[in-house]
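These notes are about the structure you will find just below.
Every number here is computed from the coordinates shown, using simple stated rules; none is lab data. Quantities reported herein were computed from a predicted structural model and do not represent experimental measurements. Every residue, glycine as well, gets a Cβ built from its backbone with ideal geometry; the counts of neighbours run over all protein chains shown.
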Amino acid sequence: MFQKTFLLIFTFFPFLLRAAEGGVSLTAEKAFMIGDFPITNSMITSWVISMFLILAIRIVVGKATLAPNKGQLFIESIVGGLRDIVEPIVGKKLFFPSFWLLSGLFIFILTQNWSGLLPGVGTIGYYDEHGNYSHLIRPGNADLNMTLALAAVANISWLYFIFKYEGLKSILIHIFGNKADKKEVGIYFFIGLIPIFIGVGLIEIISILFRPVSLSFRLFGNVFGGENLLHKMFTLAPGFEWILPVPFYFLEVLIGMVQALVFMLLIAVFIGLMCNHGEEHH
């Protein structure tokens with residue numbers, strides 16, 4: 001497997017070396033227009049990955065049966081592993097409604113992160129009329145617009161879950177409610193803590209508003225930084241361009257997995273904090 005991967009990288013080495021001169025640009029580059037709507041190189045990568053995931057899962061699984069084939073067993077093992085991670089966090093009540101979102105985010109983000117390691121992604125391109133080299137495709141998560149969109153979808157879904165399964169009253173109590181035990185602290189101390197917990201609730205509201213920003217910038221920064229790191233490795237040691245980036249490829253494989261897992265777990269924790277607290281008292 002390693003030999004095949006190394007041979008594939010070496011075959012596409014001229015494209016990698018040419019792209020390393022400038023690295024990945026901060027903003028996505030326009031590939032073409034559909035009417036007045038610009039299509040960027042990161043959008044192309046995202047569309048290709050989406051179609052690949054749909055077709056790959058369909059081909060690997062085939063027709064689901066009670067006696068699963070190897071492809072179905074592989075997908076079921078992934079689903080089972082994710083279930084073991086997610087269910088204790090979101091709780092049994094929210095597991096099935098939210099699992100499609102959490103597992104979909106993890107698989108899509110992971111594939112997007114790893115797509116930047118494929119030969120040609122972020123390297124193959126063309127020269128425009130001004131002589132500037134533009135990449136035809138680039139990793140989707142190296143585009144801040146993509147990570148902002150993922151964070152927006154995740155947080156809108158979070159709002160949907162908490163309002164549907166908890167309700168406004170429960171949410172307000174959870175954010176602004178007095179968490180002290182009246183019997184233990186006494187009535188006067190309990191009343192005195194009310195303004196403090198209201199202030200804590202306001203801080204919590206501010207942190208909720210900043211969640212899409214923190215989620216998107218964390219993912220974007222790691223993927224964008226990793227892409228440019230790989231590009232720069234090709235220019236640091238002339239004569240060793242074909243071997244110097246190899247250790248960083250394995251590092252980016254690990255980072256891509258960690259960042260996809262972190263994104264999924266944070267959304268799961270956000271859901272669990274609002275909707276799983278009630279199960280602790282039953």
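With a Förster radius of 35 Å applied to the beta-carbon distance between Ile57 and Lys169, the computed FRET efficiency rounds to 0.30. Straight Cα distances below 25 angstrom link Lys183 to the lysines Lys169, with same-chain residues fewer than 8 positions distant left out. Counting only Cβ charges, +1 for Lys and Arg and -1 for Asp and Glu, the dipole size of region 2-277 around its Cα centre is about 860 debye. Mean sequence separation of contacting Cα pairs (under 8 Å, at least six apart), scaled by the length of region 2-277, corresponds to a relative contact order of 30 percent.
Taken over the chain, the alpha-carbon convex hull comes to 193 cubic angstrom per residue. Using the Cα centre of region 2-277 as origin and beta-carbon charges of +1 (Lys, Arg) and -1 (Asp, Glu), tell me which of Ala56, Gly239, Ile124 is placed farthest towards the positive end of the dipole. Checked the options; the winner is Ala56.
Across the alpha-carbon set of region 74-177, the Rg to Rh ratio works out to 1.16, Rh being the Kirkwood radius.
Of interest is the spacing of the C-alpha centroids, which for region 201-256 and region 65-103 amounts to 28 Å.
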